[in-house]
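A.B. asks: Can you read through this structure? Questions will come right after.
Readers should treat all values here as calculations from the given coordinates under stated rules, not as data from a laboratory. Values in this document were obtained by computation on a predicted structure and should not be read as measured data. Glycine also receives a Cβ, built like all others from the backbone with ideal geometry; neighbour counts cover every protein chain displayed.
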């Protein structure tokens, strides 16, 4: 990927600042270079870098050559009165798709293939230059004649700043060039006029050779100074000295650094300099963990899952004091507290604590068994109350189908084995006996009852030793008035009417139902309330 080779600074400083700014760009560039010893750093002095000349239209600055059409020496002509940034004059160029203006200069020494150079210039945009202009844009070419544009060495890109601004350019010739040429570059379409690019030019610097460098850094860990910085100059077959600030380090690589910004100046034997600024950041190693408890109490299959981002892969994981592994999932763990250490490729470490708890044991808290009504019925029940484990629970009896209801219905008298499982498949089991009070199924109607609250025979209801359906019991007074009615075989009459216990007397009743064989039965008779 081709990277831009220019930057823009709005202040003017001496060369050492230029080098520092320019090499920020150089540190990210790569280029094949000539591998030869250079006797001294090349400095190419331009003729008339301040663009002085006879002020007027179609005037060429002294020492420069019109590469195409004629520029103008300003201020004054064309109603452009901006003050120069240096000296008494400056040059103006304007161009359009069908009209180009440029200047060229024969260099005192050619640009050499494979080397890198820095040059700076002041530029400004003129909104009106005979015609309305949309932007300013200057491009520098290398060639071997005034009009030769063999290699585009640098471009400012379109800009609209009407104040003088300092631009710094890196020139990287891929061949030897005797000339440089500068052009107003109409790289964008302008809707204001046919000639829409107008640029004012002043105060060139000399062209100086610089050392191309690659700068790199690794971040510092959050809890230790572990950052590194490295500068790698292009190998010109010479030796280099290094000076880093802050710290005054004098090696190409420096270790054990805290976060911060570091600037290096690289100096070759021939005096050429380079370098740049690099930032040691703070490691963004971020870790989180998720715990998965054992599926069942005491099953020893708990897990710890570690998620990692940032830092410098590869990552290594340590559980307690065990050997580091590359797997972020720890399995087969018991209940307990664990220390998890995560280390990245830079040895930055995060420490996390994991607390694993098994689910509570699955236990039977209570069992309730309802006997069958008689030996011929199938109305026994086993009700189970479960605690612990992981809900929901499911139940079954004698290896049958699992059910969600904790009551096992429709059971005959006998011995049963039940099973309970939770959502994780943890199981417990047991057994229960369902009995029957009578072998034969009968319904017995009492002839008297005594509602005196002694807990003995306080209610009038039949003794049922059968599985009944469609049940109804009605009680009437001596005048045939209804005093009690129910459809529940377990409910009985307490001898009261509208909350008042009746005097001792006889009452009539009618009791109808279908028995366990689905035969309809009807009992009629009288019962005596005894006080």
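A.B. asks: Using only the Cα atoms of segment 202-310, each taken as one equal point scatterer with no solvent, compute I(q) by the Debye sum, divide by I(0), and report log10 of the ratio at q = 0.14, 0.24 Å⁻¹.
C.D. replies: Results for segment 202-310 at q = 0.14, 0.24 Å⁻¹ read -0.68, -1.19.
A.B. asks: Express in nm, to one decimal, how much length is gained between residue 522 and residue 505 on full extension, taking 0.36 nm for each residue of separation and deducting their alpha carbon distance.
C.D. replies: 3.8 nm
A.B. asks: Okay, moving on. Per DSSP H run of at least 4 residues, take -39500 (n - 2.57); add these up for the chain, divide by its residues and hand me the 222 nm value, nearest 500 deg cm²/dmol.
C.D. replies: Using -39500 (n - 2.57) per qualifying helix, the result is -500 deg cm²/dmol.
A.B. asks: Divide the volume of the convex hull of the Cα atoms of segment 442-529 by its number of residues and quote the answer in cubic angstrom per residue.
C.D. replies: 89 Å³
A.B. asks: Continuing with this model, one more query. Give me the Å³ per residue figure for the convex hull around the C-alpha atoms of segment 120-233.
C.D. replies: 170 Å³
A.B. asks: Residues of segment 480-508 with the amide nitrogen closer than 20 Å to a label point 7 Å from the Cα of residue 442, along Cα-to-Cβ, please.
C.D. replies: Answer for segment 480-508: 489-490.
A.B. asks: Taking only C-alpha pairs under 8 Å that are 6+ residues apart, what is the relative contact order of segment 286-356 in percent?
C.D. replies: With pairs under 8 Å counted, the relative contact order is 33 percent.
A.B. asks: In nm, what is the difference between 0.36 nm times the number of residues separating residue 320 and residue 303 and their Cα-Cα distance?
C.D. replies: 4.7 nm
A.B. asks: Compute the distance from the alpha-carbon center of segment 495-514 to that of segment 270-326, in whole Å.
C.D. replies: 82 Å
A.B. asks: Additional query: Quick one: grab the alpha carbon gyration tensor of the chain, order the square roots of its eigenvalues as a ≥ b ≥ c, and give me rounded if a/c is under 1.5, else prolate or oblate depending on whether a/b is larger than b/c.
C.D. replies: It is prolate, given that a/c is not under 1.5 and a/b is the larger ratio.
A.B. asks: I've got another one for you. As a test of understanding, state the convex hull volume per residue of segment 339-443 from its alpha carbons, in Å³.
C.D. replies: With only Cα atoms used, segment 339-443 gives 109 Å³ per residue.
A.B. asks: Nearest 0.05, what FRET efficiency do residue 488 and residue 433 give at R0 = 25 Å with Cβ-Cβ as r?
C.D. replies: FRET efficiency, residue 488 to residue 433: 0.40.
A.B. asks: A follow-up question, please. Would you mind checking the radius of gyration and Dmax of segment 272-422 based on alpha-carbon positions, in Å?
C.D. replies: 27.3, 112
A.B. asks: Could you rank the peptides 317-329, 418-430, 65-77 by their average count of other C-beta atoms within 10 Å per residue, with the highest value first?
C.D. replies: So the peptides 317-329, 418-430, 65-77, ranked by packing, come out 65-77, 418-430, 317-329.
A.B. asks: Could I ask something else about it? What residues from segment 38-72 fall in the zone where the backbone N is under 16 Å from a label point 7 Å along the Cα-to-C-beta line of residue 78?
C.D. replies: 51-61, 66-72
A.B. asks: Please work out the FRET efficiency for the pair residue 531 and residue 364, using the Cβ-Cβ distance as r and a Förster radius of 56 Å; give the result to the nearest 0.05.
C.D. replies: 0.75
A.B. asks: log10 I(q)/I(0), Debye, Cα-only segment 383-462, no solvent, q = 0.15, 0.16, 0.17, 0.23 Å⁻¹?
C.D. replies: With one equal scatterer per Cα and no solvent, log10 I(q)/I(0) is -0.69, -0.72, -0.75, -1.04.
A.B. asks: Determine, for each peptide in 170-181, 463-474, the mean count of other beta carbons within 10 angstrom over its residues, then list the peptides with the highest first.
C.D. replies: Going from most to least packed, we get 170-181, 463-474.
A.B. asks: If I take every Cα pair under 8 Å that is 6 or more residues apart in segment 184-242, average their sequence separation and divide by the length, what percent do I get for the relative contact order?
C.D. replies: Worked out over segment 184-242, it gives 22 percent.
A.B. asks: Let me ask something else about it. Among 364-370, 336-342, 93-99, how do they line up by average Cβ neighbours within 10 Å per residue, starting with the highest?
C.D. replies: Top of the packing list down: 93-99, 336-342, 364-370.
A.B. asks: Is any residue of segment 467-503 close enough, with backbone N under 17 Å, to a label point placed 7 angstrom from the Cα of residue 458 along the Cα-Cβ axis, and if so, which?
C.D. replies: Counting only backbone N, you get 490-497, 499-502.
A.B. asks: Just report the Cα centroid separation between segment 131-177 and segment 219-242, whole Å.
C.D. replies: About 33 Å separates the Cα centre of segment 131-177 from the one of segment 219-242.
A.B. asks: Here is a further query. Relative contact order for the chain: what is it in percent, counting Cα pairs under 8 Å that are at least 6 residues apart?
C.D. replies: That works out to 10 percent.
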